[in-house]
Amino acid sequence: MKNIFRIIAVVALMMLLSAESAWAGNDRRRGTSGAMELLINPWARSTGWGSANVSCVRGLDAFYSNIAGLSFINTIEVSYTNTLLAGGKSGLNSGASINSFGIAVRLFDQGVLGISLMAMGFGDIDVTTVESPEPINGTYSPTLMNLNFAYAHSFTQSIHGGVNVKIHSESTSNITASAFAVDAGIQYVTGEDDQLKFGISLKNWGPAFSYNGTGLSFQFINDAQNTMSAQYRPAEMELPTCLNIGASYDFFIPVWDQKITLAGAFTSNAFLKDNFALGIEYGLLNILNLRCGYVYQTDIFNSELSTTANQGLCAGASVNIPMHKKDSDSKMGLTIDYSFRAGLNLKSTHAIGATFRF
C-alpha cells in the first residue's frame, strides 16, 4: 500500500511542478514551443479513435497515450507501424512519413520494460537561399527521432503506473538539436468485470533546448572590408507539455464475445488549443475490432481560425490472428492494425502496423 501512495505522490508532484506549463497556454504562447513532433501519435491502433483511450490503452500504443498501459503486456510484444503523414509516401527518404518500432518484455509478475523508436522523414528537399531561390543547390533530408525507455508496474489489480524517459533529436546536414523529456501516467481499473477505467498522463515534461551547428554561422564584411565569421544566437524552446485525462466503459455482450467500449479524453496543451476526443470501439470474437472517433478543438470548423491540419474524424480496424491452440494458455498471436485520419487542408493520414505477441 505504501508503494501505491508513493507512485501517486510522485506523479501528483510532477503535475504540480508542470502546472504552469500544462494550463498556462494562451494565444500568445501557441506555436512557440519546439519539438512539436512529440504530439504526433505514430501508432495505428490508438489513432483509429483519436487517442481517446488514455484510460484503456494496452500494449506498445501506451508509449504515446498513457505509459501505464504498458503494464498489461503478458510476456513479449513487438510492434511496427508506418504512417503516411498527410498523404506522404512510404519510407524515410521518399516523402513525409513516420516509422515507429517498439518492443516490451515482462520482467516479473508486476513489471514491464519497454523501448520504442519513432523516426520521421520528409524525403529530399531542394536547397534554396535568398541569394539563390532556384532549386539548383542540391537537396537535404531532415530527420526527426524520438527514442523512448519505459517501465510500467502493476501495483494492484486496479492500479497501474508507468514512467517513460525520452530523447528527442532533430538534424539536417549542418544543424542539430536534442532534448530530454519524461512522461508519467496512471490507470485505475474498477467494476465487477473491470469495465470502468480512468487514466491520467503527463507528457513531455523536461528542460528547454536549442539548435546548434555550422548552419547557424555566416560571413560578413566589416567597415574595414575584412571578411568576418559570426554565428546566430539560437533561442531556447520549451517542450510541448500536455496533460491527458480520460475515462472509458466496456459493455459486454456474451453472444460471439462482443464488446463495445466508449472512451473519452481531454488534453490540456501548453502551446496548442486544448483537445476533446470521443471514441467507440467494437470487438467481435476477440478477432475483429472496429473503431472510430472524433477529436475536437476550438475553431476546428472555421478554415480561417483553425490551427490543426486534421479535420477531427478518424477510424480504424484491427484483425487479431491467434497463433496458439485453443486449449493452450499461450497468448501468442499477430495483430494487423489500420487507421485513417481525415485532413482539413492537407491530404488524409493513413497508418498501418503489425504487432506480434509471444
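The values are calculated or read from the model by the stated rules, or taken from the named source; none is laboratory data. Keep in mind that what you see is a predicted model, and the values were worked out from it rather than measured. Positions of Cβ are backbone-derived with ideal geometry, glycine not excepted, and every protein chain shown enters the neighbour counts. Please note that ligands, DNA and RNA were not included when accessible areas were found on the heavy atoms of the full protein model with its side chains. Shrake-Rupley method; radii C 1.70, N 1.55, O 1.52, S 1.80 Å.
For GLU134, tell me the accessible area in Å² from a 1.4 Å probe, rounded to the nearest 10.
The accessible area of GLU134 comes to roughly 110 Å².
Could you give each residue of the stretch 190-199 its phi-based ³J(HN,Hα) in whole Hz, using Karplus coefficients 6.51, -1.76, 1.60 with θ = phi - 60°, and x for Gly or Pro?
8, x, 4, 10, 6, 7, 9, 9, 10, x
Using r as the Cβ-Cβ distance of THR129 and SER171, and R0 as 22 Å, what FRET efficiency do you calculate, to the nearest 0.05?
It comes to 0.65.
Would you work out which of TRP43, TYR232, ILE98 lies farthest towards the positive end of the dipole of the chain, given +1 charges on the beta-carbon of Lys and Arg and -1 on that of Asp and Glu, about the Cα centre?
TRP43
Dipole size in debye (nearest 20) for the stretch 158-222 around its Cα centre, Lys and Arg Cβ +1, Asp and Glu Cβ -1?
Values: 3 positive and 5 negative charges, 68 e Å.
It comes to approximately 320 debye.
Before rounding to the nearest 500, sum -39500 (n - 2.57) across all DSSP H runs of length at least 4 in the chain and divide by the residue total; then give [θ] at 222 nm in deg cm²/dmol.
That comes out to -2000 deg cm²/dmol.
Pick from MET145, MET237, MET118: which is most flexible by mean-square fluctuation in a GNM of the chain where alpha carbon atoms under 10 Å apart are linked?
MET237
Would you mind working out the magnitude of the charge dipole of the chain relative to its Cα centre, with +1 at each Lys and Arg C-beta and -1 at each Asp and Glu C-beta, to the nearest 20 Debye?
Working: 22 positive and 27 negative charges, 135 e Å.
Using only the charged Cβ atoms, the result is roughly 640 debye.
Most fluctuating residue of ALA177, ALA104, ALA235 in a GNM of the chain with Cα springs under 10 Å: which is it?
Most flexible of the set in this elastic network: ALA235.
With a 1.4 Å probe and all protein chains left in place, how much accessible area per residue does the chain have, in Å²?
About 52 Å² of surface per residue is accessible.
Top mean-square fluctuation among LEU196, LEU216, LEU60, Gaussian network model of the chain, C-alpha springs under 10 Å?
Looking only at LEU196, LEU216, LEU60, the largest GNM fluctuation is found for LEU216.
Of LYS347, LYS203, LYS259, which has the most accessible area and how do the rest follow, probe 1.4 Å?
Highest to lowest solvent-accessible surface, that is LYS347, LYS259, LYS203.
Treating only the Cβ of Lys, Arg, Asp and Glu as charged (+1, +1, -1, -1), what charge dipole size does the stretch 166-287 show about its Cα centre? Round to the nearest 20 debye.
Computed about the Cα centre, the dipole is about 340 debye.
Which of rounded, prolate, oblate describes the stretch 291-339, given a ≥ b ≥ c as roots of the alpha-carbon gyration tensor eigenvalues and a/c under 1.5 marking rounded, otherwise prolate only if a/b is larger than b/c? Could the numbers behind the result be given before it?
Working: a/c = 5.87, a/b = 4.98, b/c = 1.18.
Taking the square roots of the gyration eigenvalues as a ≥ b ≥ c, the stretch 291-339 is prolate.
If you take the C-alpha gyration tensor of the stretch 161-223, multiply each eigenvalue by 5 and take the square root, what semi-axes do you get, largest first, in whole Å?
The three semi-axes for the stretch 161-223 are 46, 10, 8 Å.
Could you tell me, in Å, what Rg and Dmax come out for the Cα atoms of the chain?
22.0, 88
Taking a 1.4 Å probe, which of TYR338, TYR232 shows the most accessible area, and what order do the others take after it?
My answer, sorted largest first, is TYR232, TYR338.
With point charges of +1 on the Cβ of Lys and Arg and -1 on the Cβ of Asp and Glu, referenced to the Cα centre of the chain, which listed residue (VAL57, ALA315, THR214) lies farthest in the positive direction of the dipole?
Going by the charge dipole, the pick is VAL57.
Work out Dmax and Rg for the stretch 221-294 from the C-alpha atoms and quote the Rg first, both in angstrom.
26.0, 88
At a probe radius of 1.4 Å, what is the per-residue accessible area of LEU288, in Å² to the nearest 10?
It works out to around 60 Å².
I'd like the accessible area for THR307, computed on protein heavy atoms only with a 1.4 Å probe and all protein chains in place. Round to 10 Å², please.
In the full protein context, THR307 sits at about 90 Å².
Can you sort ILE175, ILE167 by solvent-accessible area, 1.4 Å probe, largest first? Intermediate values should be presented prior to the final figure.
Working: ILE175 45, ILE167 80 Å².
Reading off the accessible areas and sorting them downward yields ILE167, ILE175.
For the stretch 186-325, list log₁₀ I(q)/I(0) at each q in 0.12, 0.16, 0.20 Å⁻¹, using the Debye formula over Cα point scatterers of equal strength and ignoring solvent, two decimals each.
-0.74, -1.02, -1.23
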